[in-house]
Amino acid sequence: MTDCLFCKMVAGDIQPDVVFEDDEVLAFRDVNPQAPLHVLVIPKTHIATTNELTAETAGVLGKMYLAAKQIAADEGVAEPGYRMVMNCNAGAGQSVFHIHLHLLGGRPMHWPPG
Ligand code: AMP
């Protein structure tokens, strides 16, 4: 998708602060961090929202969670813990329409989220 911010990052047209990359997944620091550690983990293929996931595309979610788990360990937040969040559509706060897993850590997390 030429007009998608995160596709431009995958293509190399925009350079985020990358913390992890493999064939299927890219992870980079959020430009407006909400915690000491705030990383976005994205699939390299364009999927606009979780509503568009299918049996054929859903496998990448596992790769995203495995990447997030590794980043959490590398960044030293595996203990005491961290939060992983995916927002779907504007009502849940989604502002970039290419699915992404927020990895948040380094401070206490409260529940329920706002
Ligand atoms: P969401 O609101 O769930 O769609 O999350 C989108 C996230 O993308 C927000 O946390 C933004 O701060 C983040 N974001 C937007 N533009 C950039 C950028 N150029 N580099 C890194 N993160 C970004």
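Bear in mind that the values in this text are calculations on the coordinates, not laboratory data. Keep in mind that this is a model prediction, so the values were computed, not measured. Ideal geometry is used to build each Cβ from the backbone, glycine not excepted, and the neighbour counts take in all protein chains shown.
Key figures
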item	result
Under 19 Å from LYS69, Cα to Cα: aspartates and glutamates that are on another chain or at least 8 residues apart	ASP17, GLU21, ASP22, ASP23, GLU24, ASP30, GLU79
Tail fraction, Cα-Cα pairs, the chain, threshold 16 Å, whole percent	58 percent
Calculated from backbone phi, Karplus (6.51, -1.76, 1.60) coupling profile of the range 47-57 in Hz, x at Gly/Pro	10, 5, 9, 5, 5, 8, 4, 10, 4, 6, 9
Charge-dipole axis of the chain as Lys and Arg at +1 and Asp and Glu at -1 on Cβ define it, positive-most pick from MET1, ILE14, PRO80	PRO80
For the chain, calculated [θ]222 nm from helices alone, where every DSSP H run of n ≥ 4 adds -39500 (n - 2.57)	-6000 deg cm²/dmol
Candidates ALA55, ALA27, ALA73, ranked by Gaussian network fluctuation over the chain, Cα under 10 Å, top entry	ALA55
Cα centre as origin, Lys/Arg/Asp/Glu Cβ charges: the chain dipole, Debye	340 debye
Straight-distance crosslink candidates among lysines, where the alpha carbon sits under 17 Å from LYS8 and sequence neighbours closer than 8 are dropped	LYS44
